[in-house]
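For reference, the structure discussed in these notes is given below.
The values are calculated or read from the model by the stated rules, or taken from the named source; none is laboratory data. Just so it is clear, the model here is predicted, and its values are computed rather than measured. Here Cβ is always computed from backbone atoms with ideal geometry, including for glycine, and neighbour counts include all displayed protein chains.
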Number of protein chains: 4
Amino acid sequence: MTQSSHAASGKVTKLNRVERNAWTKRRLFDAATKIVGKYGYAEASVARITEEAGVAQGTFYNHFENRQELLDQLLPKIGIDMVHFIRERTGTADAARQEIERFSAFFDFIREVPEFLRILNEAEYFAPVGYQKHLDNIATAYVRILKRARTAGAIVDFSDEEFEAIVHMFMGARGYLSRRYSYTGGAVTAAPDHVISAYRKLVTRGLFTPDKGNGNDR
Amino acid sequence: MTQSSHAASGKVTKLNRVERNAWTKRRLFDAATKIVGKYGYAEASVARITEEAGVAQGTFYNHFENRQELLDQLLPKIGIDMVHFIRERTGTADAARQEIERFSAFFDFIREVPEFLRILNEAEYFAPVGYQKHLDNIATAYVRILKRARTAGAIVDFSDEEFEAIVHMFMGARGYLSRRYSYTGGAVTAAPDHVISAYRKLVTRGLFTPDKGNGNDR
Amino acid sequence: MTQSSHAASGKVTKLNRVERNAWTKRRLFDAATKIVGKYGYAEASVARITEEAGVAQGTFYNHFENRQELLDQLLPKIGIDMVHFIRERTGTADAARQEIERFSAFFDFIREVPEFLRILNEAEYFAPVGYQKHLDNIATAYVRILKRARTAGAIVDFSDEEFEAIVHMFMGARGYLSRRYSYTGGAVTAAPDHVISAYRKLVTRGLFTPDKGNGNDR
Amino acid sequence: MTQSSHAASGKVTKLNRVERNAWTKRRLFDAATKIVGKYGYAEASVARITEEAGVAQGTFYNHFENRQELLDQLLPKIGIDMVHFIRERTGTADAARQEIERFSAFFDFIREVPEFLRILNEAEYFAPVGYQKHLDNIATAYVRILKRARTAGAIVDFSDEEFEAIVHMFMGARGYLSRRYSYTGGAVTAAPDHVISAYRKLVTRGLFTPDKGNGNDR
DNA sequence: TATGAATGAGGCTTCATTCAT
DNA sequence: GATGAATGAAGCCTCATTCAT
């Protein structure tokens with residue numbers, strides 16, 4: 001296995017130098033994700049990460065300048081995966097419904113990548129560069145969505161600045177809810193219905209305008 | 001000076017054994033608060049804490065079984081201070097307005113105890129026992145408040161379970177907003193008006209019933 | 001032995017805390033002297049030094065801020081010993097003879113402290129702070145001696161600046177000679193007669209004025 | 001460009017296998033000289049040397065058995081350059097004057113190859129094989145010069161053994177003087193006049209016989 | 001109870017060398 | 001011959017905890 005990998009076709013392929021290099025780096029990334037998700041940044045020692053990746057400690061420094069460099073890349077990388085994941089699961093319904101879909105998709109993503117929450121939550125202090133990058137990514141995209149909804153008339157009476165505040169509320173809410181409701185025992189579970197419904201009520205009434213055509217939530 | 005303290009009256013007082021004991025423990029607490037707030041749990045070494053407290057490292061272990069024991073007590077202790085602080089600043093207006101007051105008071109508390117946010121945020125992973133305790137404290141009290149509002153007719157159409165979800169959303173929103181808006185440079189600043197107004201709109205429309213008497217937010 | 005030491009009187013003495021502290025620091029010093037003398041600064045790892053001293057690695061950092069701090073103190077400390085050693089062995093004969101005595105005494109000192117040469121020689125690069133300190137110590141004292149000789153008429157025709165240059169020549173000469181002639185096999189030996197006589201001729205003729213009373217070297 | 005070099009004629013020349021081989025080895029030599037001169041042997045890692053040389057780390061081991069082998073060759077190689085350099089700058093005046101010329105030329109060489117001093121000084125411990133080789137080279141040649149002067153009557157009263165001692169004094173003196181006076185800030189400067197004059201007085205009076213024909217230094 | 005030196009495990013990083021391409 | 005990723009030993013330093021005074 002050290003010299004080969006299973007290509008998409010299922011065939012075992014010899015890797016050339018460049019591929020092998022990328023493969024090792026990828027293993028380190030994946031290992032770090034697993035370790036940070038499980039033990040937190042502070043306990044994510046290079047020794048642990050390399051052991052998980054199945055390479056020598058020295059190998060780490062062929063791929064990253066230092067420990068921090070990897071840690072700083074962790075969140076933005078997964079963050080992008082998250083955005084894609086959610087976008088794919090957002091339909092073409094009215095704006096309020098789409099927001100609920102995004103909310104649900106977030107919880108689905110956490111089930112896919114259970115490490116995400118811890119990585120996100122600790123990043124502010126242990127990977128501040130990556131944290132800021134991630135937050136800007138998300139906030140920018142999210143605010144754009146809200147502005148479009150306003151243009152379409154689905155939201156009124158909120159300024160751009162208020163949108164930014166709203167977006168942070170939404171992100172914070174997701175974080176706390178998922179930490180509270182996503183874990184049962186060691187396993188990661190789906191968000192309960194009453195969480196979805198509470199969010200739906202709060203957001204559709206609080207942010208969006210009643211839309212007779214689509215029917216609001218009441 | 002190590003054997004005495006300035007009482008409120010301004011007199012220098014000799015402390016007896018019990019008082020001196022409590023005094024040292026208190027110093028360790030305060031030092032830990034400062035250090036964890038500034039450097040995070042992971043960097044809050046016993047050496048740093050005792051240095052900040054002005055006692056020898058060995059002294060630490062006369063007051064706490066080990067490092068973790070102190071860390072676990074940190075958040076619940078400050079959390080109680082926070083509850084008192086907010087309660088004192090909540091008036092007798094209608095339920096929706098009280099919620100806004102609580103929201104504002106939270107930001108005021110952060111300015112009083114700037115270490116709080118970091119202690120709270122990291123505690124989930126570094127002081128899980130204390131974290132759970134704190135969260136239960138807050139959630140229980142908060143849900144009780146919402147139930148009372150429902151009884152009074154200020155909220156309709158939300159179940160108890162949904163209240164719990166709502167409370168987590170609120171707590172998460174506070175956390176993200178304060179991290180985003182409370183710090184400018186190194187200093188801790190008040191929450192901007194548009195943050196307050198965005199919260200007011202979302203919450204009064206989303207959670208509370210329009211109250212003709214008091215006038216809703218529009 | 002870890003709890004006691006042989007006092008000058010020969011009695012075994014319990015050490016109090018302060019004494020024990022000083023004793024450990026002294027052991028680290030002595031160990032470092034031995035190790036640097038034998039393996040050079042670059043190979044003088046903290047592990048080696050503490051092993052030689054019979055303490056744990058961590059103990060090192062209770063006594064020195066870091067490895068460099070000890071290394072920087074090494075040369076000046078031994079340098080002072082050297083100055084005392086040589087001074088004690090310098091008689092009251094005429095200036096030229098005193099210079100020869102100092103020269104010989106230098107070689108005697110090296111036999112006493114065989115580590116000195118290597119410590120001195122490498123210090124320029126591995127302990128620059130200590131090196132500069134040592135050089136200034138020696139040069140200042142040496143120039144003062146030459147000035148006195150000039151005042152006494154034993155030297156003429158040399159300026160202060162030239163004295164400084166002369167002193168550096170002398171120090172350099174000692175270093176090279178000792179490295180060439182002091183070691184035979186692993187043992188440290190006395191300077192051969194022809195080295196002494198060559199120095200005597202060069203210096204008495206080259207620096208000092210012929211003194212009929214004392215008879216010059218021819 | 002890696003496959004060719006600018007010949008003296010100005011034409012770009014394809015190198016054959018042997019030339020290319022020598023060229024790479026030469027680059028490693030030059031890089032090592034620069035690195036050791038700047039950082040010392042201990043910091044002259046293979047990584048640093050190969051980076052400076054612009055080749056891969058592995059390439060190093062195609063040209064040298066190991067790191068030490070290159071280090072041991074460094075000093076003798078430059079030492080030979082030095083001998084040539086000094087010989088070219090020594091005229092046909094009387095013996096005493098020639099000695100002063102050699103002395104001055106040494107300082108000029110250091111300005112040409114500022115790395116030399118550090119390489120020389122550390123070599124004793126980090127490249128002992130090369131160091132001994134170098135010292136023998138120099139001492140032998142130097143003693144031969146002094147013997148010739150004695151044959152010519154410019155020196156009397158010194159035995160062969162004493163010559164050897166004198167030569168070591170001279171070498172040591174040069175080393176210390178150059179370290180003290182050749183560096184100002186980061187730049188390498190010429191030896192001050194008073195250093196030259198002090199050396200001239202000491203040596204012409206101390207070693208050479210007054211020569212009426214050529215005039216001694218007084 | 002207070003002290004602070006001693007401990008040794010463990011963390012990050014650098015390094016010389018090897019080897020498959 | 002050239003490359004550069006992989007290796008694992010070793011270096012410096014920090015840390016939580018213990019214990020004699």
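Here are the numbers for this structure:
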item: Test: residue in the stretch B:68-77 that is touching an Asp or Glu at 6+ places or on another chain (Cβ under 8 Å) and at pLDDT 95 or above; result: no
item: Residue in the stretch B:135-152 that is at the interface with another protein chain (Cβ under 8 Å from one of its Cβ atoms) and either closer than 25 Å to residue A:206 by Cα or among the acidic types (Asp, Glu) (or both) present; result: no
item: Residue match in the stretch C:55-72 (condition: farther than 19 Å from residue C:139 by Cβ and more than 16 Å from DNA strand E (Cβ to nearest atom)); result: yes
item: Members of the stretch B:122-134 that are in contact with a helix residue (DSSP H, G or I) (Cβ under 7 Å, 6 or more places away or on another chain) and within 13 Å of chain A (Cβ to nearest Cβ); result: B:122, B:123, B:124, B:125, B:126, B:127, B:131, B:134
item: Tally, over the stretch A:150-166, of residues that are surrounded by 12 or more Cβ atoms within 10 Å (Cβ to Cβ) and either of a type in the set (Lys, Arg) or in a loop (DSSP other than H, G, I, E, B) (or both); result: 6
item: Check on residue C:204, among the polar types (S, T, N, Q) and part of a helix (DSSP H, G or I); result: yes
item: Some residue of the stretch A:89-96 being part of a helix (DSSP H, G or I) and basic (Lys, Arg); result: no
item: Restricting the stretch C:112-121 to residues that are assigned to a helix (DSSP H, G or I) and either away from chain D (no Cβ under 12 Å) or on the phi > 0 side of the Ramachandran plot (or both), the residue that is surrounded by the most Cβ atoms within 10 Å (Cβ to Cβ); result: C:116
item: Options B:60, B:109, B:85; residue that is part of a helix (DSSP H, G or I), among the aromatic types (Phe, Trp, Tyr), more than 14 Å from chain A (Cβ to nearest Cβ) and within 16 Å of DNA strand F (Cβ to nearest atom); result: B:60
item: Complete set of residues in the stretch A:35-84 that are among the small types (Gly, Ala, Ser) and either assigned by TED's automatic domain parsing to the domain that holds residue A:124 or under 30 Å from residue A:101 (Cβ atoms) (or both); result: A:37, A:79
item: Unmet requirement for residue D:35, which otherwise passes all of (1) away from chain C (no Cβ under 14 Å); (2) within 16 Å of DNA strand E (Cβ to nearest atom); (3) not aromatic (Phe, Trp, Tyr); result: (1)
item: Breaking point among (1) of a type in the set (A, V, I, L, M, F, W, C); (2) over 23 Å from the mean Cα position of the chain (by Cα); (3) under 15 Å from residue A:104 (Cβ atoms), for residue A:203; result: (2)
item: Flag if residue B:80 is more than 16 Å from DNA strand F (Cβ to nearest atom) and surrounded by fewer than 17 Cβ atoms within 10 Å (Cβ to Cβ); result: yes
item: Condition broken by residue B:96, with the remaining ones in (1) over 23 Å from residue B:18 (Cβ atoms); (2) among the small types (Gly, Ala, Ser); (3) within 21 Å of the chain's Cα centre (by Cα) satisfied; result: (3)
item: Selection status of residue B:62, within 12 Å of the chain's Cα centre (by Cα) and among the polar types (S, T, N, Q); result: no
item: Selection count where residues are surrounded by 20 or more Cβ atoms within 10 Å (Cβ to Cβ) and part of a helix (DSSP H, G or I), scope the stretch D:122-137; result: 8
item: Candidate set: the stretch C:41-67, residues that are under 27 Å from residue D:123 (Cα atoms) and surrounded by fewer than 16 Cβ atoms within 10 Å (Cβ to Cβ); chosen: the one modelled with the lowest pLDDT; result: C:43
